[in-house]
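Taking it in order: structure first as C-alpha cells, then the write-up.
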Amino acid sequence: MKLFFKSQFIVLLFSVLFLFSCSSDLDFNQTKNLRLEPAYVANLVYFDIPANEFVTNGVETPQFIDRSTVDIFNNTFFVNDLVKVDLDFEINNTIARAYTLDVKLFNASGIQIDIISIAVPAYYGAANVITQKEVFQGTRLTTLKNTARIEMALRMASGTALTESSTGTIKMRSGVTAYFVIQ
C-alpha cells in the first residue's frame with residue numbers, strides 16, 4: 001500500500017511541475033527580417049578531345065562547336081533572387097597546337113550579347129593548364145539573365161599539321177557558382 005501512495009505522490013509532483021513550466025510569447029515578426037544567401041555550385045561543361053579527333057579522313061577539322069539552349073532564366077527565382085554568377089574554366093592542352101575557346105552568349109532573338117575568349121597555348125612538354133574565372137554581377141549579370149543560347153567554339157590555331165596518329169588531348173572542365181539573396 002505504501003508503494004501505491006509513493007507512486008501516486010511522484011505522479012502528482014511531476015504533474016504539478018509540468019503545469020508551472022516557463023513560456024514566453026513568440027515573435028513571428030522576426031521572419032520578416034529573414035535573409036538567406038545560398039550559393040549553388042554545379043558542373044557546366046566537360047570535354048576531353050584527343051588530337052586524332054581533329055583529323056577526319058586525313059583532313060584537319062579546325063573547329064568544334066557545341067550549342068546549348070538555356071531556359072533556367074525563365075524561372076522567376078533565378079531572375080529575381082540571383083545576384084552573382086562565377087563561371088570557372090580550366091583547360092589542359094597536351095597537343096602541340098594552340099587553341100582558342102570562345103563561349104558566346106545569345107539572346108532569344110539570336111543576337112550575340114557577350115563573349116568569353118580563352119587563349120590556350122600549344123603544348124611544348126611543360127604543364128599547360130589555363131584557368132580563367134568570369135564574374136557576372138551588375139549589368140553583366142543582367143546580360144547573362146537575357147541569355148537563351150550558349151555556343152562553345154574550340155578553334156585551332158595554325159601550326160604543324162595534325163594527323164590521325166597525333167598524340168595529346170585537350171581537356172576542359174567548367175563550373176558555375178550561383179549566389180542568391182532571398183528575402
Practice item. Go through the range 89-103 residue by residue and tally those that are assigned to a strand (DSSP E or B), open to solvent by less than 50 Å² (accessible area, probe 1.4 Å) and either of a type outside the set (S, T, N, Q) or in contact with a helix residue (DSSP H, G or I) (Cβ under 9 Å, 6 or more places away or on another chain) (or both). Key: 6
**Study point:** Residue satisfying all of: in the range 124-156; open to solvent by 40 Å² or more (accessible area, probe 1.4 Å) and in a loop (DSSP other than H, G, I, E, B); nearest to Gly58 (Cα to Cα) among these
**Key:** Tyr124
Review point. Give me the pairs: first residue in the range 39-64 and under 19 Å from Ile91 (Cβ atoms) and small (Gly, Ala, Ser), second residue open to solvent by less than 60 Å² (accessible area, probe 1.4 Å) and assigned to a strand (DSSP E or B), beta-carbon distance under 6 Å, and six or more apart or on different chains, which are they?
Key: Ala42/Val176
Review point. If you check Thr61, Thr69, Thr31, which single one turns out to be under 19 Å from Glu151 (Cβ atoms) and open to solvent by 80 Å² or more (accessible area, probe 1.4 Å)?
Key: Thr69
Exercise for review: Please find, within the range 91-116, the residue that is nearest to Leu162 (Cα to Cα) out of those that are over 18 Å from the mean Cα position of the chain (by Cα) and free of Cβ contacts under 8 Å to residues at least 24 places away in the same chain.
Suggested key: Gln112
Check your understanding: Do we have Thr131 as among the polar types (S, T, N, Q), at pLDDT 95 or above and under 21 Å from the mean Cα position of the chain (by Cα) here?
Key -> yes
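The values are calculated or read from the model by the stated rules, or taken from the named source; none is laboratory data. Computed from a predicted structure; not experimentally measured. In this analysis, Cβ positions are derived from the backbone assuming ideal geometry, glycine residues included, and neighbour counts consider all displayed protein chains. Only protein heavy atoms, including side chains, enter the accessible area calculation; ligands, DNA and RNA are left aside. Shrake-Rupley method; radii C 1.70, N 1.55, O 1.52, S 1.80 Å.
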